[in-house]
Amino acid sequence: MDFHELYERYARDIGRYAFYLSGNRADAEDIVAETFSRVWLAAGEIRAATVKGYLTAIARNYFLETRRKRKRETAMPAREPGAAPLPEIEEALDAIGRLPELERETILMRAAAGLSYDEIAEAFRISPAAARVRVHRARQLLNQLLERENV
């Protein structure tokens, strides 16, 4: 697969993941650009089992690098600019934003980026079984947050 085809196939998914991760459209665009720049400059072929997992790992690592440099916390937006989500969706997005970073990233990889358990495992450099457990625990925590709000 050539670079143009790679970009056309995966840029939208990586962009969506980056937006939910960073909470800012400009930062998400930077993450996508840096992700594909790093792929372009990488020596040799992509050796990852799945390209999408490899790209997501690059995006996540770049986000964490820039976050450390900025020394600030990023909050996930309650909604995308211009959108008027249903109250239930807004409540769920708010709860996702309050999850600890690892759980939030896990939920976003699965739900927003649509990654498989194998791709999540690759992004975190863990086994697929551990990825399933991580997703399950993140969902449980999210459900607990939502239940507390509805009591």
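The values are calculated or read from the model by the stated rules, or taken from the named source; none is laboratory data. Only a predicted model underlies this, so the values are computations on that prediction, with no experimental measurement involved. Positions of Cβ are backbone-derived with ideal geometry, glycine not excepted, and every protein chain shown enters the neighbour counts. Heads up: the accessible areas ignore ligands, DNA and RNA and are worked out on the full protein's heavy atoms, side chains in. Shrake-Rupley method; radii C 1.70, N 1.55, O 1.52, S 1.80 Å.
Odds and ends about this structure:
- Förster radius 22 Å - calculated FRET efficiency between Ala11 and Lys69, Cβ distance, rounded to 0.05: 0.40
- Simple label model, 7 Å out from Cα along Cβ direction - Asn150 to Ser116, nm: 3.2
- Take Asp30: with every protein chain present and a 1.4 Å probe, its accessible area is about 80 Å².
- Nearest-10 value in Å² for the accessible area of Glu147, using the 1.4 Å probe: 120
- Within the shell of other residues whose beta carbon sits under 13 angstrom from the beta carbon of Ala130, the net charge comes to +2, with Lys and Arg scored +1 and Asp and Glu -1.
- Exposure of Val133 as accessible area (Å², to 10), given a probe of 1.4 Å and all protein chains: 60
- Where labels lie 7 Å past Cα in the beta-carbon direction, separation of Leu41 and Arg98 in nm: 4.0
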